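The structure under discussion appears below in the form of structure tokens.
The values are calculated or read from the model by the stated rules, or taken from the named source; none is laboratory data. Please read all numbers here as calculations on a predicted model, not as lab measurements. Cβ: placed from backbone, ideal geometry, glycine included. Neighbour counts: every protein chain shown.
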Amino acid sequence: MIKDYFKLAIENIRQRRLRSWLTIIGIVIGIAAVVALVSLGQGVKKVVTDEFAKMGTDKIIIQPAVNFGFSADTGTPTLTEHDLPIIKRVKGVKEAGGILLKSGKIEYKKNVYFTVVVGVPLDNTQKLVEETYTINYINGRALKQGDRYKAVISHDIAKGKTLGKPVAIGERLTIEGQEFEIVGEIKQTGDPGMDSSIMIPQETAQELFTANTPGYHEESGIIARINPGENPDDVAASITRAMRRDRNEKEGNEDFTVQTTTQLVASFNVILDALSAIVIGIAAISLFVGGVGIMNTMYTAVLQRTNEIGVMKAIGAKNSDILQIFLIESGVLGLIGGAIGILIGMGLSKIIEFIGRTFLDTTLLQAYFPWYLIVGALAFAFVIGMASGALPARQAAEMKPVDSLRYE
Amino acid sequence: MNSKDDKEKDKPIIELKDVWKIYQIGEVKVEALRGINIKVFKGEFVAIQGPSGSGKSTAMNMVGCLDIPTKGHIYLHGRDISHLSESDLAQIRGKKIGFIFQKFNLINTLTAKENVMLPLTFLDIPESIRRERAEELLTLVELSNRMDHKPNELSGGQQQRVAIARALSVNPDIILADEPTGNLDSKSGSSVMGFLQDLHQKGKTIIMVTHDDKLAQYAERIEVLKDGEIIQTVKGSKHHTKNEHNIVVNKK
């Protein structure tokens with residue numbers, strides 16, 4: 001019986017083709033937006049989660065509070081070399097290394113550019129830093145102890161995206177007035193900041209960028225590796241306590257943050273989810289408008305088919321039959337809108353992925369279509385359709401056969 | 001002249017007993033039916049005939065279980081249906097009554113066959129049986145080559161024959177025809193009446209509502225309605241070829 005009602009619904013929708021198309025536009029746009037955004041959001045989440053997974057769960061990241069990665073050049077630095085031994089002394093910590101990230105003035109082939117310069121430690125923590133930032137060498141060699149004015153370039157610089165022209169190993173460029181020789185190139189990491197950066201020895205970086213800062217040398221971030229079998233959350237709490245004590249800071253007022261990789265993923269996801277929520281909120285408006293459109297169409301359909309409703313009642317349709325017929329019809333309208341919306345949304349996110357890869361050279365934007373997104377979007381569209389048709393369908397169901405038969 | 005058919009000893013299929021229908025329109029009360037009594041027995045062909053405004057449409061609604069009376073009782077197979085809910089009435093209509101309307105009232109989005117299948121759909125009968133039944137009935141009304149056509153691809157006469165097939169689909173106790181030839185030319189009209197007479201010959205109970213006294217003559221018995229009352233019951237002249245002609249008088 002339900003199958004017949006579906007057939008009837010599709011036939012009726014086909015009968016008023018133009019109006020049906022117009023009706024579902026709102027749903028199409030809304031669902032397309034939701035699918036595109038969720039698939040890209042899920043894709044980004046997946047990429048980031050994979051990245052963090054590569055980084056490993058045995059690391060704890062200490063950063064200045066608020067500033068995410070890059071600290072301002074003014075004032076006293078929040079994190080310095082002074083913190084390294086304090087962190088190293090915490091129980092459960094195997095080793096700790098710092099990294100310096102600065103925006104540097106680069107001169108290459110007589111043109112001036114600004115990009116991120118990474119100060120990589122060349123002591124026994126070099127490997128820890130490289131692991132954390134997924135630095136893998138594809139050409140040339142890594143920086144090694146004893147290097148002073150040697151540099152390693154990242155993917156975008158090698159490809160000529162950052163410095164106007166491609167840069168090759170053996171070439172020279174100037175950072176903050178000092179000439180460097182390129183000795184290696186790293187594989188694309190997927191992190192846009194990292195992929196446009198130049199890596200130099202940390203000591204050289206400190207000379208170039210923080211020589212005038214009083215006191216200890218600045219660190220933009222400190223990475224601690226924990227001993228196998230230690231609980232990252234417990235060690236992170238111990239590090240926080242130790243640093244707080246050293247700085248004489250009250251709990252809750254720290255000027256630094258200590259995060260495990262799991263927490264990093266979580267905090268990243270919070271940001272991503274918040275962004276998604278905002279955009280999906282906008283899509284929801286479109287879906288709401290689409291729903292109102294379906295309601296309007298269904299009211300018109302009920303009015304136009306008043307006589308038909310009367311006939312169906314005369315030949316034995318119960319109120320519940322009429323209710324189902326109209327509910328299914330509005331649900332199918334939603335479903336069709338949803339299906340088209342999903343296709344458009346999938347196309348849209350694939351286009352964005354393509355643009356990201358081709359023009360922005362980022363692998364971060366990846367469309368990802370889990371089955372539950374497709375099924376969920378279809379079901380959601382059907383439910384929106386049915387909900388929008390509920391009032392018109394009830395009106396149809398409650399019509400008196402005598403009156404509706406007489407209706408012209 | 002006012003002869004009641006007493007030959008049937010059985011209980012009537014449907015009986016209207018002192019049925020009143022009063023509509024409240026604004027402050028005015030309109031008495032559409034004023035205590036009518038009609039009995040229809042199995043196998044009868046009865047016409048309810050009257051001019052417009054006589055209450056015949058209201059009477060049809062009562063006989064067709066489309067509406068319930070303000071006062072009085074309607075018995076279907078001896079069961080009082082005058083106070084049933086719309087859903088119960090719908091089920092009774094679906095099983096017991098086959099409707100034929102003046103304007104055919106086929107569902108335009110469905111093919112002839114699907115239209116005939118529809119009443120069976122509401123009874124939740126399996127599709128294969130529905131299909132078989134619809135094909136059989138459309139063949140009976142000589143539309144076997146038109147089964148997959150939609151109503152707008154059929155002539156008026158053909159549409160009305162589809163409607164007859166639809167009315168027969170549930171094998172109802174009563175065929176209720178409301179001005180069945182009202183929208184047809186005389187040729188199609190007489191073809192439709194031919195089918196109704198055939199059905200009657202085969203034992204179907206037929207109740208026809210019409211304003212047309214000539215059409216009413218096809219019936220065995222004519223209940224003449226005026227101002228909400230039955231003013232006369234006469235025999236139809238065209239019903240049996242050998243029957244004598246009864247003159248229908250509009251006034252008592």
- If you go through A:ALA236, A:ALA168, the only one that is touching a helix residue (DSSP H, G or I) at 6+ places or on another chain (Cβ under 8 Å) and under 29 Å from A:THR260 (Cα atoms) is A:ALA236
- Item | Filter result for A:ASP83 (charged (D, E, K, R), at pLDDT 85 or above and either farther than 30 Å from A:ALA284 by Cβ or surrounded by 18 or more Cβ atoms within 10 Å (Cβ to Cβ) (or both)) | yes
- Taking B:ILE92 as the residue in question, decide whether it is within 13 Å of chain A (Cβ to nearest Cβ), among the β-branched types (Val, Ile, Thr), in a loop (DSSP other than H, G, I, E, B) and surrounded by fewer than 21 Cβ atoms within 10 Å (Cβ to Cβ). no
- Message: So for segment A:351-367 (the condition being under 33 Å from the mean Cα position of the chain (by Cα), modelled with pLDDT of 90 or more and closer than 30 Å to A:MET194 by Cβ), does at least one residue qualify?
- Response: yes
- Of all the strands (runs of 3 or more DSSP E) wholly in segment A:90-146, which have at least 2 residues that are surrounded by 21 or more Cβ atoms within 10 Å (Cβ to Cβ) and β-branched (Val, Ile, Thr)? A:93-108, A:111-120
- Subset of segment B:106-143 that is without any contact (Cβ under 8 Å) to a residue 40 or more places away in the chain and assigned to a loop (DSSP other than H, G, I, E, B) - its residue that is farthest from the other protein chains (Cβ to nearest Cβ): B:GLU142
- Exactly one of B:VAL63, B:VAL28, B:VAL40 is of a type in the set (A, V, I, L, M), away from chain A (no Cβ under 14 Å) and within 17 Å of B:ILE175 (Cα to Cα), and that one is B:VAL40
- Selection status of B:ALA177, assigned to a helix (DSSP H, G or I), buried (at least 16 other Cβ atoms within 10 Å of the Cβ) and among the aliphatic types (A, V, I, L, M): no
- Item | Boolean, B:GLY72 is within 18 Å of B:LEU138 (Cα to Cα) and assigned to a strand (DSSP E or B) | no
- Subset of segment A:173-197 (residues that are in contact with a strand residue (DSSP E or B) (Cβ under 9 Å, 6 or more places away or on another chain) and of a type in the set (Val, Ile, Thr)): A:THR174, A:ILE175, A:ILE182, A:VAL183, A:ILE186
- Task: For segment B:75-86, indicate whether the set of residues that are at the interface with chain A (Cβ under 8 Å from one of its Cβ atoms), under 17 Å from the mean Cα position of the chain (by Cα) and not in a helix (DSSP H, G or I) is non-empty.
- Result: no
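Each row is one residue, and each column tells you yes or no for (1) surrounded by 24 or more Cβ atoms within 10 Å (Cβ to Cβ); (2) away from every other protein chain (no Cβ under 13 Å); (3) within 22 Å of B:PHE99 (Cα to Cα).
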residue: A:LEU303; (1), (2), (3): no, yes, no
residue: A:VAL311; (1), (2), (3): yes, no, yes
residue: A:ASP321; (1), (2), (3): no, no, yes
residue: A:PHE326; (1), (2), (3): yes, yes, no
residue: A:GLU329; (1), (2), (3): yes, no, no
residue: A:LEU333; (1), (2), (3): yes, yes, no
residue: A:ILE336; (1), (2), (3): no, yes, no
residue: A:ILE340; (1), (2), (3): no, yes, no
residue: A:ILE344; (1), (2), (3): no, yes, no
- Mind checking whether some residue in segment B:49-69 is under 30 Å from B:ASP124 (Cβ atoms), modelled with pLDDT under 90 and either exposed (fewer than 14 other Cβ atoms within 10 Å of the Cβ) or of a type in the set (S, T, N, Q) (or both)? no
- Task: Go through A:ALA96, A:ALA65, A:ALA53 for me and flag whichever is farther than 19 Å from A:GLY341 by Cβ, hydrophobic (A, V, I, L, M, F, W, C) and at pLDDT below 80.
- Result: A:ALA53
- Message: If I go through segment A:221-230 residue by residue, how many of them are modelled with pLDDT of 90 or more and either touching a Phe, Trp or Tyr at 6+ places or on another chain (Cβ under 8 Å) or part of a loop (DSSP other than H, G, I, E, B) (or both)?
- Response: 1
